[in-house]
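Since the structure comes first, as structure tokens, the remarks are kept for the end.
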Amino acid sequence: MTVTEGLARLQAQFAAAVLGEDGAGFARHLAGDAGAGLRRLAIYRNAILANRRRALRAAFPVVARLVGDGFFDEAALRYGEACPPGGADLNRYGATFAAFLAAYPHAAAMPWLADVARLEWAWHESLAAADAPGMDFAALSRVPEGEQPGLRLLLHPSVRLVRSAWPVLSIWEANQPDRDGTPDREDGADDVLVWREAQRVLLARLAPPEAAFVDAVARGLALEEAAGITDAWDFTPMLQRLALHGMLCGFSTGDRVPA
Amino acid sequence: MNPKRALIRSALAGVVAIGLGQVAVSNAAEGEPAAGKEKCYGIAKAGQNDCGTATHACAGLARKDNAPDEWKYVAKGTCTKMGGKLNPPRGK
């Protein structure tokens with residue numbers, strides 16, 4: 001075994017001892033008596049779990065408020081065991097928390113909870129999404145008419161569409177800090193457009209054909225196909241809205257997917 | 001020209017008009033912060049700038065978290081106000 005391999009193994013053992021049920025097997029690597037060593041390991045464990053919990057709370061404040069501290073912290077702990085962070089940046093931790101909640105038996109009485117989490121993650125991702133240059137509208141104006149139906153539009157990296165069978169936007173709004181948690185609207189299926197504008201994340205509820213159109217554009221469909229998603233519906237206002245709010249940032253013609 | 005293509009043509013013309021008329025606005029919206037304002041994403045989300053460990057009491061001892069009390073499985077937040085009130089989805 002090389003020195004590097006030996007170090008990697010020792011680090012893996014340390015990680016297992018910190019996060020595992022007990023670190024007794026690791027005690028021989030620790031200075032001082034075993035009891036003191038294990039208590040010091042426990043400090044690491046406590047700090048790591050607290051940091052994970054805080055990262056999730058920062059990304060999912062509405063879910064945390066909806067279920068309360070005890071429930072949230074327990075769910076966060078279980079999630080961390082099932083899906084440990086994949087990297088050192090805890091801002092990226094929580095991408096699968098919504099999926100976890102969807103399958104979490106204790107959340108079964110709140111079938112909308114996972115979708116609220118999806119909306120919060122979309123918000124979180126939108127805030128941190130890369131910048132992109134704005135749409136080159138002059139270039140767009142020069143696209144020959146014959147190529148217009150084949151145009152594929154590129155949405156800004158901060159744009160997300162969250163489609164839910166529940167009134168998730170209403171629930172989200174009701175659980176902002178200045179509200180008492182009572183939704184204005186208790187039914188509906190919300191399709192929520194999420195985007196960043198002037199460094200703020202904004203949310204808007206879309207009508208079903210609007211959502212279908214945005215979804216089609218996001219999937220890279222040509223404009224003619226996206227426009228045909230819903231018959232007898234004029235996509236012009238929605239397209240203009242995307243342009244007006246900086247949600248378009250590029251296009252391609254032909255079969256090439258915009259990059 | 002078929003109606004859909006005519007619609008696409010007019011829609012794009014409208015978008016171009018918006019885009020070319022709004023250059024200043026779109027620059028302000030993305031990338032170029034207003035004068036005197038430093039770009040800082042943390043502003044929009046309180047607490048995100050905190051170092052994860054700065055406020056954490058490292059002196060805390062490990063708790064045995066593996067045998068949770070039942071109350072940790074019962075939601076005690078604002079959702080209790082919504083319990084039984086939200087209507088099941090229609091359609092979708």
Given (1) touching a residue at least 60 places away in the same chain (Cβ under 8 Å); (2) under 22 Å from A:Asp115 (Cβ atoms); (3) touching a helix residue (DSSP H, G or I) at 6+ places or on another chain (Cβ under 7 Å), number of the condition A:Arg163 does not satisfy
(1)
Out of (1) crowded, with 22+ Cβ neighbours inside 10 Å; (2) more than 22 Å from A:Asp215 (Cβ to Cβ), the odd one out for A:Asp180 is which?
(1)
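For segment A:191-212, what are the residues that are assigned to a helix (DSSP H, G or I) and within 15 Å of A:Arg160 (Cβ to Cβ)?
So in segment A:191-212, the residues assigned to a helix (DSSP H, G or I) come out as A:208-212.
Listed by number, the residues that qualify are A:Glu210, A:Ala211.
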Out of curiosity, is A:Ala88 at negative phi and within 10 Å of chain B (Cβ to nearest Cβ)?
no
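Within segment A:129-177, which residues are open to solvent by less than 30 Å² (accessible area, probe 1.4 Å) and assigned to a helix (DSSP H, G or I)?
Of everything in segment A:129-177, those that are open to solvent by less than 30 Å² (accessible area, probe 1.4 Å) and assigned to a helix (DSSP H, G or I) turn out to be A:Phe137, A:Ala139, A:Leu140, A:Gln148, A:Pro149, A:Gly150, A:Val168, A:Leu169, A:Ser170, A:Ile171, A:Ala174.
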Looking only at segment A:194-205, filter to residues that are touching a residue at least 40 places away in the same chain (Cβ under 8 Å) and in contact with a strand residue (DSSP E or B) (Cβ under 8 Å, 6 or more places away or on another chain); which one of those is farthest from A:Arg241 (Cα to Cα)?
A:Val201
Give the residues of segment A:1-31 that are surrounded by 11 or more Cβ atoms within 10 Å (Cβ to Cβ) and not in a helix (DSSP H, G or I), sorted by residue number.
A:Gly20, A:Asp22, A:Gly23, A:Leu30
In segment A:141-166, the residues that are in contact with a Gly (Cβ under 6 Å, 6 or more places away or on another chain) and facing another protein chain (nearest Cβ under 7 Å)
none
If you go through segment A:116-131, how many residues are within 11 Å of the chain's Cα centre (by Cα) and among the acidic types (Asp, Glu)?
2
How many residues of segment A:32-53 are out of contact with any Ser or Thr (no Cβ under 9 Å at 6 or more places or on another chain) and touching a residue at least 24 places away in the same chain (Cβ under 8 Å)? The answer is 7
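With the requirement that a residue be open to solvent by 10 Å² or more (accessible area, probe 1.4 Å) and either within 11 Å of another protein chain (Cβ to nearest Cβ) or over 14 Å from A:Glu197 (Cα atoms) (or both), what does segment A:110-128 give you? Reasoning before the result, please.
Kept after step one, since they are open to solvent by 10 Å² or more (accessible area, probe 1.4 Å), are these residues of segment A:110-128: A:110-112, A:114-115, A:118, A:121, A:123-125, A:127-128.
Residues satisfying the conditions are A:Met110, A:Pro111, A:Trp112, A:Ala114, A:Asp115, A:Arg118, A:Trp121, A:Trp123, A:His124, A:Leu127, A:Ala128.
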Restricting to segment A:54-98, what's the tally of residues that are open to solvent by 50 Å² or more (accessible area, probe 1.4 Å) and within 20 Å of B:Lys81 (Cα to Cα)?
3
Residue count, segment A:191-211 (criterion: surrounded by 20 or more Cβ atoms within 10 Å (Cβ to Cβ) and among the aliphatic types (A, V, I, L, M))
6
Taking A:Gly188 as the residue in question, decide whether it is facing chain B (nearest Cβ under 10 Å), surrounded by fewer than 22 Cβ atoms within 10 Å (Cβ to Cβ), over 17 Å from the mean Cα position of the chain (by Cα) and not in a loop (DSSP other than H, G, I, E, B).
no
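The values are calculated or read from the model by the stated rules, or taken from the named source; none is laboratory data. Remember, it's a predicted structure, so these values are computed and weren't measured experimentally. Using ideal geometry, Cβ is built from the backbone for each residue, glycine included, and neighbour counts are taken over all protein chains shown. These accessible areas exclude ligands, DNA and RNA; they are computed on the full protein's heavy atoms, side chains included. Shrake-Rupley method; radii C 1.70, N 1.55, O 1.52, S 1.80 Å.
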